[in-house]
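Take a look at the structure set out below.
Derivation of every value follows stated rules applied to the coordinates shown; laboratory data play no part. In this text, all values refer to a predicted model and were calculated from it rather than measured experimentally. Counting neighbours? That spans all protein chains shown, and the Cβs are built from the backbone with ideal geometry, glycine included.
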Amino acid sequence: MLRRFVASWPVVLGLVFLTGCPSQETSTPAAKGPKSSPSEKKDSGEAKTAATETAPTPVEFIAPALTEQEIRDGWISLFDGKSLFGWVVPSQTNWHVEDGAIVADSGEKSLLLTPYVLGDFELRCSFHLAAGGNSGLFLRTAPNAANPATDTYELNICDSHATHKSGSLVARHIAENVPPVEGAWHDFRVLCEGPRIQVWLDEKQIVDFTDETPNLRLSGQLGLQMNQGRAAYKNVYLRPLNFRKLFNGTDTTGWHPVPGSKSEFAVKEGLLHVSGGPGFLETDEQFQDFALKVTARINGDGLNGGVFFRALPGTEAASSHGYEMQLSNGTKNGDRTQPADFGTGAIFRRTPARYVVADDRTMFTAVLIAQGDHFASWVNGYQVVSWQDTRKDNDNPREGRKVAAGHLSLQGHDPKTDLDFESIEIHPLNVAAPK
């Protein structure tokens, strides 16, 4: 059963509360490949292709409507336009995709949730509520929240609410002079930063609320609500805020080569260039739960690299005992739903990318959210992985599930390695994961 992240939700609107119900997450299953060998040759160089992978979930790719700059800024799409991939889907409601929108119109009250907790973020979302309906966006919500004044920030969509009509934060803040929204498509933009929450409706600011109460919430899951009537959502885009640079564009301060590395890590024209291998460049710091944003380029056809995380300190004998976010844009028979080697954004040896989004010789941006035992990744804003590690706990991620902190490391895969990193940034998620 899915171990959910810190947040429980009330499904409130019109002062009606929902108790938590079992739910399931749509995700790509973990690969059932052979157990990794402790030999470093298994994670560096030729043997990397030896692992068995599961077939990617068939997908009709729709590129997110994001500009190149928005992608570099870390915007990600939470809805692929075709499926509920990446969400925790409650079974008591008929959440489904209809005409390019996420829709719920029958069943019990519920929330469609992210499986990860968010802190500071910016959100954009289009919504449509049938006349007489009741819905909302749940911000920084707790998993089985029962009180909107303490357990969530509920951005209401309900013109008939007795006290907190559309645009208000139920039981917390009343938005004034907000026009009716039911029966037509509208857009919300939300900025959650520390205790301050700002909301724009159709580009007009309607909320500027700073929570100075003892019930301040600084993190939680994101939820789309179905309470009463048909609710629909599309264009759901989000970016974590306050990323910190791990690569300064000048030198490798904050990093060190792992003993025995054969790769060269050099800063050239503001890019961190990786050539040769095998070898690893490791962070001095360790990180546990985080959003990681990497903009990189693979300078050749079918070349291979990786970003390792929660790794044990690298040694000459064991240089890369960590999870690996794969960097490899090769495909089988030109089919982007069939990665040749798990695919960029994959958790190597664990779950493949469901689509190869990036092209060789072109800069791409990958975003990874690692929280507890759940991992989600996006390439150029498109989600390619949503995976939970259900193995037994082990300090070595190659042997089992690791939720403790570890190093990040950049891989020089083999003598042909030729990679450039334009930026490497991290947003620590210092919050507990949902259970």
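Taking 8 Å as the Cα distance limit and 6 or more residues as the minimum spacing, I'd like the relative contact order of the chain as a percentage.
That works out to 21 percent.
Could you check the spin-label model distance between Lys262 and Ala404? Points 7 Å from the Cα along Cα→Cβ, value in nm.
Label-label distance for Lys262 and Ala404, simple model: 3.2 nm.
For Arg361 and Lys82 in the same chain, what is the full-extension length gain: residue separation times 0.36 nm, less their Cα-Cα distance, in nm?
Difference between extended and current length: 97.6 nm.
I need the phi-derived Karplus couplings for region 354-363: 6.51 cos²θ - 1.76 cosθ + 1.60, θ = phi - 60°, integer Hz, Gly and Pro marked x.
So the J values, rounded to whole Hz, are 7, 7, 8, 8, 7, 10, 5, 6, 9, 4.
Given the Cα-Cα distance of Glu285 and Asp335 and 0.36 nm per residue of separation, how much length would full extension add, in nm?
Stretched fully, the Glu285-Asp335 segment lengthens by 14.2 nm.
Suppose each label sits 7 Å from its Cα in the direction of the beta carbon; what would the Asn248-Glu98 distance come out to in nanometres?
Going from the Asn248 label point to the Glu98 one covers 5.6 nm.
At q = 0.11, 0.13 Å⁻¹, work out log10 I(q)/I(0) for the chain with the Debye formula, treating every Cα as an identical point scatterer and leaving solvent out; two decimals please.
The computed values of log10 I(q)/I(0) come out as -0.80, -1.07.
When the helices in the chain are scored as -39500 (n - 2.57) per DSSP H run of 4 or longer and the sum is shared across all residues, what 222 nm value do you end up with, to the nearest 500 deg cm²/dmol?
Computed ellipticity for the chain at 222 nm equals 0 deg cm²/dmol.
Counting only GluC sites (Glu not before Pro) that are in a DSSP loop and have at most 16 other C-beta atoms within 10 Å, tell me the longest site-free stretch of the chain. List each step's numbers first, then the result.
Working: sites that count: Glu60, Glu108, Glu176, Glu203, Glu212, Glu269, Glu285, Glu316, Glu399.
The answer is 317-398.
Would you please state which residues of region 110-128 a label at Thr390 would reach in this model, taking the label point 7 Å out along Cα→Cβ and a backbone N cut-off of under 20 Å?
Backbone N within reach: 113-116.
State, as an integer percentage, the relative contact order of region 164-213 based on alpha-carbon contacts under 8 Å between residues 6 or more apart. Numbers along the way, then the final one.
On the way: 71 pairs, mean separation 13.8, N = 50.
Value for region 164-213: 28 percent.
Quick one: which of Lys109/Lys234; Lys332/Lys416; Lys268/Lys416; Lys109/Lys204 span more than 26 angstrom between C-alpha atoms?
Violating the 26 Å limit, Cα to Cα: Lys109/Lys204.
For region 178-277, what relative contact order do you get, as a whole percent, if you take Cα pairs closer than 8 Å and at least 6 residues apart?
Dividing the mean separation by the residue count of region 178-277 yields 13 percent.
Under a point spin-label approximation (7 Å from Cα along Cα-to-Cβ), what is the Asn177-Phe61 distance to one decimal in nm?
4.7
Once phi is turned into θ = phi - 60°, what whole-Hz ³J(HN,Hα) does the Karplus curve with 6.51, -1.76 and 1.60 give for every residue of region 185-198, x standing for Gly and Pro?
6, 9, 10, 9, 10, 10, 10, 10, 9, x, x, 9, 10, 10
So between Asp208 and Ala131, what do we pick up on full extension, going 0.36 nm a residue minus the alpha carbon distance?
Stretched out fully, the Asp208 to Ala131 stretch lengthens by 25.0 nm.
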